[in-house]
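Report on the following structure.
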Amino acid sequence: MPKQYLSLRNIQFLLYEVHQATSICQYAYYGEHNKEIFDMVLGSAKQLADKYLHPYLTEMDRKPPYYENGQIYVHQQIKQLMKLYGDGGWISATSSYEEGGQQLPIILSNLSGFIFGAANYSASVFPFLSTGASNLIRNFGSQELKDTFIPKMYAGEWQGTMALTEPQAGSSLSDVQTTASPTESGHYLIKGQKIFISAGDHDAVENVVHLLLARIKGAPAGVKGISLFVVPKKRVVKEGVAPNDVITAGMYHKMGYKGAPIAHLIFGEHEDCHGYLVGEPHKGLNYMFQMMNEARLAVGMSAVSIASAAYYASLEYAKERPQGRTFHAKNPLEPQVAIIEHPDIRRMLLFQKAIVEGSLSLLMQCSLYADLEKVNTGETKERYALLLDLLTPVAKSYPSEMAIQTTSVAIQCLGGYGYLEDFTPEQFFRDTRIHPIHEGTTGIQGLDLLGRKVIMHEGRAMSIFLEEIRLTLLSVPSLSTLRVRKHELAEASQHLQAITMHLVDFIKEGNVEKALADATLYLEYFGIIAIAWQWLKQGLVAEKALESSNLSEEDYNFYQGKMLGAQYFFEYEIPKIRGLHERLESSYTLTPTMKSAYLV
Ligand SMILES: Cc1cc2nc3c(=O)[nH]c(=O)nc-3n(C[C@H](O)[C@H](O)[C@H](O)COP(=O)(O)OP(=O)(O)OC[C@H]3O[C@@H](n4cnc5c(N)ncnc54)[C@H](O)[C@@H]3O)c2cc1C
């Protein structure tokens with residue numbers, strides 16, 4: 001098992017030097033935190049990950065959960081972990097002190113998710129689901145619901161889930177068919193089925209609390225008729241808990257991320273499944289979107305966390321594996337060199353580093369926007385809310401899509417051994433494949449970005465985003481070695497603005513199909529520019545740090561590595577937008593008008 005799966009030095013660089021995240025401690029809400037506490041939180045997360053998650057990475061893959069007699073059984077380590085997550089306050093961390101939390105900044109909570117995910121992705125999802133589900137109850141539920149469910153979920157004794165998907169309602173949640181019939185006692189009777197529910201049932205907890213979307217009988221069709229319910233596997237009664245007519249009909253077998261189960265659940269088979277309405281009727285999807293937005297950042301984080309583990313596994317291997325000789329060494333009697341000496345291996349390692357560290361930086365940027373939105377009011381709050389809204393589909397999709405490529409490249413660095421189960425990259429490749437699918441596919445994120453986010457409030461979010469980039473460009477010193485990158489990013493962001501207007505014009509003309517047909521490619525284009533922006537930020541900090549004459553060798557190498565990452569991204573990734581630009585600008589439409597019958 002590779003020793004390193006992430007770089008704490010990199011996390012600290014991004015947190016303190018690039019994003020200067022301790023600045024949020026000036027707000028009263030985060031007033032009790034400081035750098036020492038930030039470091040302590042990161043250190044505790046790493047300790048937990050080293051001791052209780054990472055050692056089980058392979059074992060959880062090889063001994064996946066199983067289904068027997070209506071119950072899913074998970075690896076026994078999950079039980080201990082749920083207790084540790086609960087006792088350590090990881091599930092409730094971002095809640096206020098009054099609500100039993102630690103008022104932990106979102107950026108730190110997301111970073112602890114990154115640390116857990118890099119150590120063992122499957123084992124990291126259980127608490128995260130409980131946090132999301134309890135947040136929904138906390139924000140929109142009645143006091144009774146809060147008192148009944150949240151303490152047990154925070155303690156890790158009960159599992160929270162997000163129960164949206166049905167066979168006919170995956171991407172299209174407006175087609176949810178599960179029903180909720182009101183009763184005189186105040187609860188609703190739930191009837192229907194949900195599929196693919198992560199941690200939807202398992203034996204490491206006493207109860208599972210589903211935050212479930214259903215349609216109240218007689219509700220309008222479409223998204224406006226969907227309500228949110230708390231539906232526990234076991235309902236709370238005077239004596240304790242009793243079965244609630246929730247049946248685990250089965251468990252799906254996945255290609256990766258095998259340690260966490262996804263369940264097929266049937267609600268109300270015997271007409272006795274109690275559900276409790278959260279908030280107002282018909283507002284369920286709005287409420288759920290709050291959880292989904294948090295979850296989308298978490299998915300991006302998870303993708304980067306797995307990509308990080310794969311990067312360090314392949315880096316370690318490349319330093320140790322002797323094979324071949326350099327271009328200049330022709331004598332076969334000379335010893336072989338470590339493969340890290342070959343330019344192609346270096347390119348593959350740099351590719352991983354550039355994607356991992358660029359994506360992590362963007363996700364931290366978004367997390368910080370979430371914190372700033374939380375603590376501000378008025379126009380400032382709105383500014384951060386808009387930035388977060390705009391960037392969420394990008395921060396979810398870019399890392400998710402790219403992690404498939406980087407984990408594949410990690411396999412490639414190991415040659416034939418990369419394809420074997422004896423080494424971790426093949427598991428990382430399988431584990432990360434889920435990320436462009438769950439929490440809204442990449443296709444759906446593209447539609448969200450171009451069809452909704454860039455045009456909302458007459459394009460205000462987009463203008464603010466471009467303004468943020470301009471602020472970074474303005475901070476580039478005139479003698480900086482990065483000035484050429486400044487011009488490249490300036491040009492790229494102008495092109496992004498132009499192509500956005502070009503596509504939005506089609507929407508305004510009513511030619512929505514033409515505008516959105518290649519929305520996924522627009523999302524990719526946008527993603528590359530957003531990451532280039534993050535690399536310029538990192539490069540500027542590194543360049544400044546390198547001016548110091550008394551850097552340790554370790555720090556010197558670290559900052560030079562950052563300069564290299566920035567150079568790589570601008571030299572190898574930014575050129576990709578030219579092809580995308582040409583495609584998006586083209587007046588030639590193919591997919592909206594083609595006949596499906598021709599695909600033979
Ligand atoms: C491991 C795993 C864990 C999951 N966990 C959960 C969970 O905890 N809770 C939960 O509720 N769900 C969960 N899901 C379900 C997941 O969110 C859905 O699988 C996902 O949203 C896609 O829905 P679908 O599978 O029905 O695919 P579909 O919606 O049928 O999509 C198939 C393809 O069609 C594309 N497509 C669909 N509609 C459009 C459109 N309008 N325009 C363009 N392209 C479109 C999609 O992008 C995709 O490429 C999980 C799934 C998996 C595999």
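What follows draws every value from the coordinates through simple rules; no lab data is involved. The structure displayed is predicted, hence computed values, not measured ones. Positions of Cβ are generated from backbone atoms using ideal geometry, with glycine treated the same way; all protein chains shown enter the neighbour counts.
Using Cβ point charges alone (K and R +1, D and E -1), the dipole size of the chain about the Cα centre works out to roughly 560 debye. Sorting Tyr66, Tyr568 from the fewest to the most surrounding beta carbons within 10 angstrom yields Tyr66, Tyr568.
Placing unit charges on the Cβ atoms of the charged side chains and taking the dipole of the chain about its Cα centre, the candidate lying farthest along the positive direction among Ala530, Ser586, Ser95 is Ser586. Under the criterion of Cα pairs below 8 Å and six or more residues apart, the relative contact order for the range 308-384 equals 24 percent. Across the chain, the convex hull enclosing all Cα atoms gives 186 Å³ per residue. Neighbour counting of Cβ atoms within 10 Å sorts the residues His19, His274, fewest neighbours leading, into His19, His274. A helix-only calculation puts the chain at -17000 deg cm²/dmol for mean residue ellipticity at 222 nm, using -39500 (n - 2.57) for each DSSP H run of at least four residues, averaged over all residues. Computed from Cα atoms, the angle from the helix 378-413 axis to the main principal axis of the chain rounds to 70 degrees. Once C-alpha pairs closer than 8 Å and six or more residues apart are averaged by separation and normalised to the residue number of the range 218-293, the relative contact order reads 42 percent.
Just the Cα atoms of the range 226-266, one point each, no solvent: what log10 I(q)/I(0) does Debye give at q = 0.31 Å⁻¹? At q = 0.31 Å⁻¹ the computed log10 ratios are -1.01. The ranking of Thr589, Thr58 from fewest to most other beta carbons within 10 Å of each one's beta carbon is Thr589, Thr58. Once the Cα atoms are used to define both axes, helix 519-546 deviates from the longest principal axis of the chain by about 60 degrees.
How big is Rg to Rh over the range 463-559, alpha-carbon atoms, Rh as the Kirkwood inverse-mean-distance radius? Radius of gyration relative to Kirkwood radius: 1.15.
What is the angle, in °, between the Cα long axis of helix 343-375 and the longest principal axis of the Cα atoms in the chain? Nearest 10 is fine, range 0 to 90. Its long axis makes an angle of about 50 degrees. Translational diffusion coefficient of the range 43-117 (Stokes-Einstein, Kirkwood radius from Cα pairs, 20 °C, 1.002 mPa s): 155 µm²/s. Loop-located GluC sites (Glu not before Pro) in the range 521-600 (DSSP state other than H, G, I, E, B) with a sparse environment of at most 16 neighbouring Cβ atoms within 10 Å: Glu547. Here the range 133-262 is treated as an ellipsoid with the same Cα gyration tensor; its semi-axes, largest first and in whole Å, are 22, 21, 13. Using a cutoff of 8 angstrom between alpha carbon atoms and counting only pairs six or more residues apart, the relative contact order for the chain works out to 13 percent. The convex hull built on the alpha-carbon positions of the range 513-600 has an orientation-averaged projected area of 7.9 nm².
Quick check on my link table: of Lys46/Lys233; Lys63/Lys146; Lys374/Lys453; Lys353/Lys537; Lys3/Lys544; Lys46/Lys258, which ones sit more than 27 Å apart, alpha carbon to alpha carbon? With Cα atoms farther than 27 Å apart: Lys46/Lys233; Lys63/Lys146; Lys3/Lys544.
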